Amino acid sequence: MYKELITYIKSLGEDVTITQKKGSVSIIRKRQFVLIKPATKTRIELGFKLKDKPTTERIENSGPFGTMCTHRVKISELTEINSELKKWIEEAYENQL
């Protein structure tokens, strides 16, 4: 799942920086717009900066990501990296202009 996410994120533009941290990976344009964090052996959590975005069953409040992110999405299967998720990643990317 991680490789698929990184491949997609890199396709957004050459101005994307991927920074590995202890326990997470920051995705940065001018500022961080996505944070990838392993949650369990079978689940990844993505934190997003999406100001004024309402939460849904899938895109939740940031929870343990705190102020670094406004929302989070839990991913347990490759099929969850779908057009909806990619749209949110792209929206977070575009907001960093």
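The values are calculated or read from the model by the stated rules, or taken from the named source; none is laboratory data. Just so we're clear, the structure is a prediction, and the values are computed from it rather than from any experiment. Just the protein is used for accessible areas: all its heavy atoms, side chains included, with ligands, DNA and RNA removed. Shrake-Rupley method; radii C 1.70, N 1.55, O 1.52, S 1.80 Å.
Helices in the chain, meaning DSSP H runs of at least 4 residues, each add -39500 (n - 2.57). Divided by all residues, the mean residue ellipticity at 222 nm is -6500 deg cm²/dmol.
Proximity of backbone amide H atoms, modeled 1.01 Å from N, is registered between Lys49 and Thr70 at under 5 Å, excluding neighbours fewer than 5 places apart on the same chain. The equivalent ellipsoid that matches the C-alpha gyration tensor of the chain spans semi-axes of 17, 16, 14 angstrom, in descending order. When the solvent-accessible area of the chain is split by element, carbon and sulfur atoms take up 50 percent of it, the probe being 1.4 Å.
Solvent-accessible area per residue in the chain equals 61 Å², computed with a 1.4 angstrom probe and all protein chains kept.
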